[in-house]
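Below is one structure, written out as structure tokens, with a few remarks after it.
Values in this text are rule-based calculations from the coordinates and carry no lab data. Treat the numbers as computed from the prediction; the structure is a model and nothing was measured. Every residue, glycine among them, receives a Cβ derived from its backbone with ideal geometry; neighbour counts consider all protein chains shown.
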2 protein chains.
Amino acid sequence: MHSWVDGQPASALASLKDRGLAYGDGLFETIAVSAGQPMLLDLHMQRLAQGCSRLAIAADHSLIRSEVLAYAQAMGEGVLKLILTRGDSLRGYSASPEAQPRRILQASPVAAYPEHYASQGVQLFNCATRLAEQPLLAGLKHLNRLEQVIARSEWQDPTYAEGLMRDTSGRVIEGVFSNLFLVCDGMLMTADLQRCGVAGVMRCALLAQAEHLAIPVHITDISLDQLQQADEVFLCNSVYGIWPVRAFTDLSWSVGPLTRKLQGIARTLLDV
Amino acid sequence: MHSWVDGQPASALASLKDRGLAYGDGLFETIAVSAGQPMLLDLHMQRLAQGCSRLAIAADHSLIRSEVLAYAQAMGEGVLKLILTRGDSLRGYSASPEAQPRRILQASPVAAYPEHYASQGVQLFNCATRLAEQPLLAGLKHLNRLEQVIARSEWQDPTYAEGLMRDTSGRVIEGVFSNLFLVCDGMLMTADLQRCGVAGVMRCALLAQAEHLAIPVHITDISLDQLQQADEVFLCNSVYGIWPVRAFTDLSWSVGPLTRKLQGIARTLLDV
């Protein structure tokens, strides 16, 4: 299916002066599409709006929402990627006040992950690449993703479905393309993302579900020791839902009951 | 003048799947062109090659060099921007081994800075945006430049020609689009760029000139106290050469003799 640029079918970016290309000056969302519906759309639009607010990108969010709905309808099934850039500018970091944010919609097939990732759990690679601490960008799904590119290039062995990333101070933060949760004595733990990391839409949805189910949640700094002591460990994102983690370095975990319960919920959130 | 994409005149990026747009997965060089010649080309090509090596981008450097030479010849005068991306890929951070790096050449007019920036010196804005410490990316002129975009958005007042950026630990690093030098007791000082910052081509050229002139150089961590005690302060880049710094917060400096001497040298490096 053709991509759309600013609402029009296009095979090429309208402009080489786009600040998304020049500086990674923009944001993106990766949205599961099921039966023509963009799943978790409200949360994706919320995160995008927060990103626009923090980066001072003046986008028309109702227009974006309607384009995403129409594009998803045309797609049917798959993964919809929305890239929103600050638009064009002349040379130099300074953005023109007249810059019009650019909307790019792209379709990919449904992600073809092995079924056993979800059923039996995954093995986590131990990434040497650390996340830098930059509070101004922490939590955002922005287009400056070289850390993830470098981290993902560390392993080719398909034994590892994902890689664990720590920050430069050694805190356990997230996967390369997932958020990480721990279950400790019935409590759900996930990393505080004030310094680095991406505040994933599925993470956000699961935190809301936990509140609804009265499962205690602790959003905090997580050490390797705490990871080691966890009863259950799982990854999540808004495309695959939940993958239990069964191994990382010399650590191993069974797939636990809370992981299974939340995995079922995540599945319903991603399917019409 | 039309931009070139992979050696061909183009008004649009060949592909929306370019990883430069998706992740800022690439590098750039901003090259002064005088009388059809790309100035300081060897240093630009050296830095690009180092960046490619560190990011594992397998580019054809002799092809890039010959394209830059031909494009500069066609431009005559101005600023040539070279963007080199890792090329296209499917969704996901993992790069395809078959990805062909993409070369984008763009022309801009000669930068129209007020003449008094060079003659009388500039006033520096005190940026609140701090540079994150990421040794894996430090020194590179990569496409992940949101920190610079945010920093540059902090001031609109044209009284300030540039802004001073510190790292998250408070060290004095560089300008938003310049490197910074101090002169202290006849010694040249500039920031160590092992944790963050861009290793500018003019910085590199000036360090070589200093060695040639037997001016002692200290590449080190720089504190605000050291900046305050400096006898002379100047900025440099490979487009404008050298701007003396005359004021920053409540500090002020005169334009000193070593700054003037190096400014003359920088001018010859940027003009045929």
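Of note:
- By the beta-carbon count within 10 Å of each Cβ, the least crowded to most crowded order of B:Cys52, B:Cys196, fewest first, is B:Cys52, B:Cys196.
- Assigned charges on the beta-carbon of Lys, Arg, Asp, Glu; segment B:215-272 dipole about Cα centre (debye): 300 debye
- Cα-based helix-to-principal-axis angle, B:61-75 vs chain B, degrees rounded to 10: 70 degrees
- Ordering A:Thr159, A:Gln46, A:Ile83 by Cα displacement along the dipole of chain A toward the positive end leaves A:Ile83 in first place; charges were set at the Cβ atoms of Lys, Arg (+1) and Asp, Glu (-1).
- Among A:Glu211, B:Glu232, A:Glu67, sorting on how many other beta-carbon atoms sit within 10 Å of each Cβ, with the fewest leading, yields A:Glu211, A:Glu67, B:Glu232.
- Projecting 7 Å from Cα along the Cα-to-Cβ direction, the label point of A:Asp225 sits 3.4 nm from its equivalents in the other copies, listed shortest first.
- Sum of side-chain charges, A:Gln37 neighbourhood, beta-carbon under 11 Å (Lys, Arg +1; Asp, Glu -1): -2
- By the rule of a C-alpha distance below 17 Å, with chain neighbours fewer than 8 residues away ignored, the aspartates and glutamates paired with A:Lys141 are A:Asp25, A:Glu29, A:Asp42, A:Glu133, A:Asp167, A:Glu174, A:Asp192, B:Asp25, B:Glu147.
- Between A:Ser62 and A:Leu224, residue separation times 0.36 nm minus the direct Cα-Cα distance comes to 54.1 nm.
- When only alpha carbons are used to place a centre, segment A:227-272 and segment B:182-198 end up 48 Å from one another.
- Acute angle (nearest 10 degrees) that the helix A:41-55 long axis makes with the longest principal axis of chain A, alpha-carbon atoms: 70 degrees
- In the distance distribution for segment A:131-170, Cα-Cα pairs more than 17 Å apart total 38 percent.
- Calculated label separations, A:His212, copies of the chain, 7 Å along the beta-carbon direction, nm: 6.9
- Measuring between their Cα centroids, segment B:56-75 and segment B:5-51 lie 8 Å from each other.
- Using a Gaussian network model of chain A in which every pair of alpha carbons under 10 angstrom is joined by a spring, one finds that among A:Ile219, A:Ile57, A:Ile242 the greatest mean-square fluctuation is at A:Ile219.
- Zero-based 10 Å bins, Cα pair distances in segment A:3-108, whole percents: 16, 49, 29, 6, 0
- For chain A, the longest principal axis of the alpha carbon atoms and the long axis of helix A:257-270 meet at an angle near 20°.
- Counting charges near B:Glu154 (Lys, Arg +1; Asp, Glu -1) among other residues having Cβ under 12 Å from its Cβ returns a value of -1.
- Computed from label points 7 Å out along Cα-Cβ, the spacing between A:Asp42 and B:Gln120 is 5.8 nm.
- In Hz, Karplus ³J(HN,Hα) per residue of segment A:98-106 (6.51, -1.76, 1.60; θ = phi - 60°; x = Gly, Pro): 8, 4, 9, x, 10, 10, 10, 10, 9
- Projected area averaged over orientations for the protein assembly as shown, convex hull of C-alpha atoms, nm²: 24.9 nm²
- Ascending count of other beta-carbon atoms within 10 Å, so fewest first, for A:Asp225, B:Asp25, A:Asp192: A:Asp225, A:Asp192, B:Asp25
- When +1 charges are put on Lys and Arg Cβ atoms and -1 charges on Asp and Glu Cβ atoms, the dipole computed for segment A:3-108 relative to its Cα centre reaches about 260 debye.
- Net charge of neighbours whose Cβ lies under 15 Å from the Cβ of B:Ile215, counting Lys and Arg as +1 and Asp and Glu as -1: -1
- Using only the C-alpha atoms, the convex hull of chain A corresponds to 130 Å³ per residue.
- Note: relative contact order over chain B, using C-alpha pairs below 8 Å and six or more positions apart, is 19 percent.
- This model, with +1 at the C-beta of Lys and Arg and -1 at the C-beta of Asp and Glu, gives the protein assembly as shown a dipole about its Cα centre of some 660 debye.
- With its label point put 7 Å out from Cα toward Cβ, A:Ser66 sits 5.2 nm from the same residue's point in the other copies, in order from shortest.
- The ratio of the alpha-carbon radius of gyration of segment B:115-270 to the globular-protein estimate 2.2 N^0.38 Å is 0.95.
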